[in-house]
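The values are calculated or read from the model by the stated rules, or taken from the named source; none is laboratory data. It should be emphasised that the depicted structure is a prediction, and the values quoted were computed from it without experimental measurement. As a convention, Cβ positions derive from the backbone with ideal geometry for all residues, glycine included, and neighbour counts pool all protein chains shown.
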Amino acid sequence: MTPDLELSLYVFVLATFLGFELIRRVSPLLHTPLMSLTNAISAIAVVGSILVAGEQKTDLSTVLGTLAVACSMINIVGGYLITYRMLRMFRKSGKDKT
Amino acid sequence: MIDQVIPLVYLAAAASFVLALKWLSAVNTARRGVIVGVAGMALAVCGTLLKPEIVSYRWIGAAFVVGTIIGVPMALMPMTAVPQRTALSHAFGALAAALVGTAEYYLRTPDIDRFTMGALTLEVLLGFLTFTASLMAFGKLQEILPTRPITYRNQNVMNLSLFGLAAGAGAYLVVRPENTWLFPAFGAMALVFGVLLIIPIGGADMPTVISLLNSYAGLSAAAMGFVLNNKLLIIAGALDGSSGFILSVIMCRAMNRSFTNVLFGAFGQVQAGAVAVEERRTVRSATPEEAAGILEAASLVIVVPGYGMAVAQAQHKVRELYDVMAKAGVEVKFAIHPVAGRMPGHMNVLLAEADIPYDKLAEMEEVNSEFPRADVALVIGANDVTNPAARHDRKSPIYGMPILDVDKARTVMVIKRSMNPGFAGIDNELYYMDRTLMVFGDAKAVVGGIVKELAGGAGR
């Protein structure tokens, strides 16, 4: 096992545990916004997509990469926007919407 | 120089995502969470665009524009459509990961080491199967496809053998990545498996399935991180993967079912046996006017919304009902079962959209002790989550499922279209209790009628 890989595995395992701890604390009230937010965050695949699309090594990779950038962008724009929209709807008694 | 800065930018992006999830845990900080999440994504995108490997921005720019044009309308959909929208966005996320994995395979093969190839295989397998599975879930939620489970003989055996075959092909590719002919077949098998996986799953199990697909989409992004040796992708993917996993565990627990049962149990088929033993029992029915009279005299009313409320788009009428009753001095609470609706938290966003304060929405554990104190439990479009059989009838398919104890209220009022059984295909004994009043009709119309009566009554 290369040191790089070992480090990556550590990062993965620790991030998973951190995820468990963070998500457990989220109130069930917010489970739908939680899912749309994590969906937007998982659009981080845009990083790999941009690289494949921008390096332009072969026609195939450019086409696949461009499609992937578009798909990720849909989730980035749509995911954050709808999460924000949903959260704006939640208000406490006696308070108006802001 | 720039090469030394980019890893720091990625690190900041990863930290932003962690903060975003931390702040999302409570309503008063949640919006801050979204903003820091956006900042993290902006950092990640800008950092990547600055990389010297990128020789042309033309296609990336075009894809940004196309993605934005499709993404904005997807964010403006009505709240009732949120489950299908979420399924669709899982499809896009998974497809992106699968396409990048495919491109990387053809770019790197045959000089690809085993470990990288292993991660790439996982990325492509999870990506493609989540893509078609999410599209199928979308179809079922949008009711383009039948929402009842579709089963046929040897279904589970066939599905598992196909998965085994795909996994075998993946393993062979890890050992011998130079066999490029096998790769398209591998991808195709993953795509087909995604479709077959969702066919036997019914509508009411969608909360679990959507959460699981959320998890898969995250894991395939994390696998991409291993392929590209990028820690930011690993962290964001792992956060998403664990989030989806926890949500699906919560959903399974709320139904007292296991993952295996949800995925392979084909729950909610029309059960031939259950229909046969049907006996004619009497129910008491009431008109909206009579219902209004009872509600007016109550001091505590607990409303139990379900998927039927979403289908009838009755949430705004429910809010009017809440307003009238609150004005008349009636205490109104909403009892939310974790699996009410078609995705985790579905009822909460619908009621929040209708402007009902979130501190009136109570979770099952906290509200169940209050039912004996309630004058009226008003069930709007919920069925199986209120069936007392889950507590005592060992033969019932939903035995053991945690339910809302509506039967303990002084009066139970059920707004329902007809006496048809709910999703689990079983009769609800709640409807035959002496204290239960059935108000038949469309939820929106009935609630509207009650509101009109109550508002008129106040003026008399």
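Of note:
Each row is one residue, and each column tells you yes or no for (1) more than 9 Å from chain A (Cβ to nearest Cβ); (2) at pLDDT below 90; (3) within 16 Å of residue B:449 (Cβ to Cβ); (4) surrounded by fewer than 24 Cβ atoms within 10 Å (Cβ to Cβ).
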position	(1), (2), (3), (4)
B:316	yes, no, yes, yes
B:329	yes, no, no, yes
B:348	no, no, no, no
B:357	no, no, no, yes
B:361	no, no, no, yes
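- Pairs, first in contact (Cβ under 8 Å) with a residue 60 or more places away in the chain and facing another protein chain (nearest Cβ under 7 Å) in region B:219-247, second assigned to a loop (DSSP other than H, G, I, E, B) and crowded, with 24+ Cβ neighbours inside 10 Å, C-beta under 6 Å, six or more apart: B:247/B:344
- Every residue from region B:15-34 that is in a helix (DSSP H, G or I) and within 8 Å of chain A (Cβ to nearest Cβ): B:17, B:18, B:20, B:21, B:22, B:27, B:30, B:31, B:33, B:34
- Every residue from region B:161-210 that is aliphatic (A, V, I, L, M) and either in contact with a Cys (Cβ under 8 Å, 6 or more places away or on another chain) or closer than 16 Å to residue B:261 by Cα (or both): B:196, B:197, B:198, B:199, B:201, B:204, B:206, B:209, B:210
- Some residue of region B:410-422 being outside any strand (DSSP E or B), touching a strand residue (DSSP E or B) at 6+ places or on another chain (Cβ under 6 Å) and either within 14 Å of another protein chain (Cβ to nearest Cβ) or crowded, with 18+ Cβ neighbours inside 10 Å (or both): no
- Boolean, residue A:93 is touching a residue at least 24 places away in the same chain (Cβ under 8 Å) and touching an Asp or Glu at 6+ places or on another chain (Cβ under 7 Å): no
- Matching residues in region A:30-61 - criterion: being touching an Asp or Glu at 6+ places or on another chain (Cβ under 8 Å) and either surrounded by fewer than 24 Cβ atoms within 10 Å (Cβ to Cβ) or not small (Gly, Ala, Ser) (or both): A:38, A:39, A:41, A:51, A:52, A:54, A:55, A:61
- Count of region B:120-151 residues which are surrounded by fewer than 24 Cβ atoms within 10 Å (Cβ to Cβ) and not in a loop (DSSP other than H, G, I, E, B): 6
- Any hit, region B:195-203, residues being free of Cβ contacts under 8 Å to residues at least 12 places away in the same chain and surrounded by fewer than 18 Cβ atoms within 10 Å (Cβ to Cβ): no
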